[in-house]
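Only one structure is covered here, and it is reproduced in the block below.
The values are calculated or read from the model by the stated rules, or taken from the named source; none is laboratory data. Worth saying up front: this structure is predicted, and the values here are computed from it rather than measured. Don't worry about glycine lacking a Cβ; one is built from the backbone with ideal geometry, like all the others, and counts go over all protein chains shown. Accessible surface areas use protein heavy atoms only, side chains included; no ligands, DNA or RNA. Shrake-Rupley method; radii C 1.70, N 1.55, O 1.52, S 1.80 Å.
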Amino acid sequence: MRIASEKEIFHWWILNSDKENTMATAKKAPAKKAPAKKAAPAKKVAAKKAAPAKKVAAKKAPAKKAAPAKKVAAKKVAAKKAPAVKKPRKVNAAFMKAMTPSAALAAVVGATPLPRTEVVRKLWVYIKANKLQDAVNKRMVNADAKLKEIFGKAQVSMFEIASLIGKHIK
């Protein structure tokens, strides 16, 4: 069995004491972390003074390499944030085009030409005002006499309404 020199033991002790300090501070409450971190560098400074100059220089070199890497990462993050500015969305003219409702639909939303979005909005105003939304399943609309002409059935899902309106708009 090989006997370790004092330098090797001291080096081993420095490496392992750093791990123990890190693990010990990780278990403590966040308020206690700051004082523990300040105490750890003091031990390193004492250890660095006792260690040979070659080892000190070797330890400083990796630290210098790590710092520029962080700066490069920060530049990449900044570069990614810059293109995040988006242009305002253009409104599709087809949705905003005024369409003339059929006679059955005009009884509910009015006879004036309206865009599809407004027709759907006014239909929902009519449904809410007359309490035609199903009490148990709010996704379903119970059609009254006027809506039955438009929808063609007694109960319609809220997702079907837009497609059923398409037949009544020109």
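Please give the net charge around Ala143, taking every other residue with its beta carbon less than 12 angstrom from that of Ala143, where Lys and Arg add +1 and Asp and Glu add -1.
Values: positive: Lys146, Lys148, Lys153; negative: Asp134, Asp144, Glu149, Glu160.
Summing Lys and Arg as +1 and Asp and Glu as -1 gives -1.
In the context of the full set of protein chains, segment 100-165 has a per residue accessible area of 57 Å² (1.4 Å probe). With the full set of protein chains in place, find how many percent of the accessible area of segment 90-170 is carbon and sulfur; take the probe as 1.4 Å. Solvent-exposed carbon and sulfur of segment 90-170 make up 60 percent of the total.
Shape descriptor for segment 122-170: Rg over Rh equals 0.93 (Cα atoms; Rh from the Kirkwood inverse mean 1/r).
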